[in-house]
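The values are calculated or read from the model by the stated rules, or taken from the named source; none is laboratory data. Computed from a prediction, not measured in an experiment: that's the story for all the values here. Because the Cβ atoms are built from the backbone with ideal geometry, glycine has one as well, and the counts that use them run over all protein chains shown. The area values use the complete protein model at the heavy-atom level, side chains included, leaving out ligands, DNA and RNA. Shrake-Rupley method; radii C 1.70, N 1.55, O 1.52, S 1.80 Å.
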Amino acid sequence: MRERSLTHRDDLTMNEPDERDILRERFRADLARPVSERYYSEDELIAIFDSAGDYYDDYLRTEALLLGARLYPDSHALMARRAIFYSDRDMGLFRSFMDDNPELDTPLTEIMRLSDTYPDRDKAIARVAEFLDTHRLAEDEEVIQFVRIVHAIGLDRWLVDNLGRIRSKVSYLPTLLYEVAVTAEESPILDTIAIGLLEELTEMEAYAPEYWTLLAMAYLRHDRHDDARTAIDYALAIDPDNVEALKARLHSFTPESDSPEIDTLLDRILRLDPSDSAIAYLAILRAEERHDVDRLLTIIASLAPEVRSTHSIISKAVEYNHPALAAYLAEFYDYGFRDDDDWKSLAETAYKAGSAAAVTLVLQTFEAKSGRPLNHDFLLYRILYQLRKYDVAIAMFGEAGPDGTLRQPDNLHPAFAMYVTMLLRLGKLPEAKEAADAMIRLLDTEPAVPGTSLEKHGMRAFLTDILRRLRSVRHTDWSSYDPLSLDT
């Protein structure tokens, strides 16, 4: 997560993160009260908006703006935050808002208007330089938006070349150093100066683990692994439970590393931040690589429902037919995964894992939750093929409707190959020959037949071989004939 510096100077003199966090959480709790009972000062609402933005919490940002519009309808500072909110969402909305509010002339809104210079580079440089000539970057939000917009309009080189001048315009230097360094993560140009800025920042604010962690990550980007480990050691000495520092420690291991410390770190991060699905999935994959199914199942069981309900993790629960799979599938649906394709994917995962029980659970859960069956007839067709229920599968192939998966273009070639193979194994040789001849004619005359060139070539070769064998006096054992490995 891209968080803002935790030692920013705020107009509310909230220099400690706990004060901002307490204010933000008090506001969150008050949202359950009637609007008429909520009261916050203008500065508090600004601080709540800015703080919520650090954590990409658009819900809190929206509620702060709504309450601000009610209590302080003429506040230019809050109107400027609305401009920020719109620009984060959609530049068209931002421009409409600015066009409808030409009277907004705060330094912050002037910074926001710099985005209208893109992509005219010369105009952008002239406007940015003119702004610096006539303004200071007195507030943290002004620094943040200035760096963000200069980067967005493609002036990273200008930012590097003029950093000394910009320094002289800010009221609180750590904010500038931090914002440029964070932006460097997505800018090769800014990355050339990031280490120097972060080293300076850690000298100024030596007890901020977040800065040491950022410095460690910058070192890692430049393959300075020893320096990175030292920076991480400093961060963890200040705050042993700093999650981002622990993640940086994880990044410091090379891909070839197989240290037991990696698993210890993964477990520790998950205990501290149970919402991190990427870390959870990495821990599951490591257990899978070691064939440690018990650990894999334990990790899944320990996760918060919202993390366990991500597609990648629920797929692993399905693949290994977790003992609590029925409950996890219900969670998966309840957390918003209701698209048929998501559930068809899970059913496919269960099928490939060879777990008929898991396939059944997926289908039953979807039907129980949605009130309708999951029409994945191609999967059922394959299961019938594997069970050698050929008569039933052949009938299904002939009766398949357009709303299922059996007739989908991606499934045409394997489904037809199974169909011909089943006819052969049932001794229905004339029907198999007729079907093979018909498909070859289609492949030769209809360019719109679904499939890649390789798939079509493979199908033609498969059917041609069958026709050759049917004409031959030599007997073919059709029960074991499987050049496409359809039986596995």
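General observations
- Computed label-point distance, nm, for sites Ala278 and His475 using a 7 Å Cα→Cβ extension: 6.2
- When only Cα pairs below 8 angstrom with a gap of at least 6 residues are kept, the chain shows a relative contact order of 6 percent.
- Among (i) 1.10; (ii) 1.01; (iii) 1.32, the entry derived from the coordinates for Rg/Rh (Cα atoms, Kirkwood Rh): (i)
- Alpha-carbon centroids, segment 236-256 and segment 274-320: separation in whole Å: 21
- Here the chain is treated with +1 on each Lys and Arg Cβ and -1 on each Asp and Glu Cβ, and its dipole about the Cα centre works out to around 2640 debye.
- Across segment 354-488, C-alpha contacts under 8 Å between residues 6 or more apart give a mean separation that, scaled by the residue count, equals a relative contact order of 19 percent.
- Heavy-atom SASA rank of Lys247, Lys433 (probe 1.4 Å, accessible area, largest first): Lys433, Lys247
- Debye intensity ratio in log₁₀ form over the Cα atoms of segment 340-479, taken at each q of 0.09, 0.13, 0.20 Å⁻¹: -0.32, -0.64, -1.23
- Net charge, Ala358 excluded, C-beta distance under 13 Å - Lys, Arg +1, Asp, Glu -1: 0
- Quotient of Cα Rg and 2.2 N^0.38 Å for segment 260-309, N being how many residues it contains: 1.01
- Dimensionless Rg over Rh [segment 270-356; C-alpha; Kirkwood]: 0.94
- Two-decimal ratio, segment 311-357, of alpha-carbon radius of gyration to 2.2 N^0.38 Å: 1.03
- Take every pair of alpha-carbon atoms less than 8 Å apart whose residues are at least six positions apart; their mean separation over the length of segment 288-417 yields a relative contact order of 17 percent.
- Farthest positive-ward along the chain dipole, Cα basis, beta-carbon charges - from Ala350, Ile189, Gly92: Ala350
- Förster-model FRET efficiency, 30 Å R0, Glu289 and Thr488, C-beta, rounded to 0.05: 0.80
- Ratio Rg/Rh, restricted to segment 15-136 and using Cα atoms, in which Rh is the Kirkwood radius: 1.02
- Placing unit charges on the Cβ atoms only, positive for Lys and Arg and negative for Asp and Glu, gives segment 120-191 a dipole magnitude near 260 debye about its Cα centre.
- Computed from the C-beta positions of Val392 and Asp334 and an R0 of 30 Å, the FRET efficiency is 0.30 to the nearest 0.05.
- Simple spin-label estimate for Asp30 and Tyr118 in nanometres, 7 Å along Cα-Cβ: 3.5
- For segment 14-75, the alpha-carbon radius of gyration amounts to 1.03 times the rule-of-thumb value 2.2 N^0.38 Å expected for a compact globular protein.
- Our estimate of slack between Asp105 and Thr360, defined as 0.36 nm per intervening residue step minus the Cα-Cα distance, is 85.5 nm.
- Of all accessible heavy-atom area on the chain, the percent that carbon and sulfur account for (1.4 Å): 52
- The residues of the chain present an accessible area of 49 Å² per residue when probed at 1.4 Å with all protein chains retained.
- The angle between the Cα long axis of helix 58-71 and the main principal axis of the chain comes to about 40°, on a 0 to 90 degree scale.
- Qualifying lysines (Cα of each under 24 Å from Cα of Lys316; at least 8 residues distant if same chain): Lys247, Lys344, Lys352, Lys369
- Across every pair of non-identical alpha carbons in segment 68-176, the mean reciprocal distance, once inverted, gives a Kirkwood radius of 14.4 Å.
- q = 0.15 Å⁻¹, segment 417-473: log10 I(q)/I(0) [Debye, one scatterer per Cα]: -0.42
- The Cα atoms of segment 196-281 define a convex hull whose projected area, averaged across directions, is 5.6 nm².
- Rounded to the nearest 10 degrees, the angle from helix 225-238 to the longest Cα principal axis of the chain is 70 degrees.
- Angle between the chain longest axis and helix 356-370 axis [Cα atoms, degrees, rounded to 10]: 60
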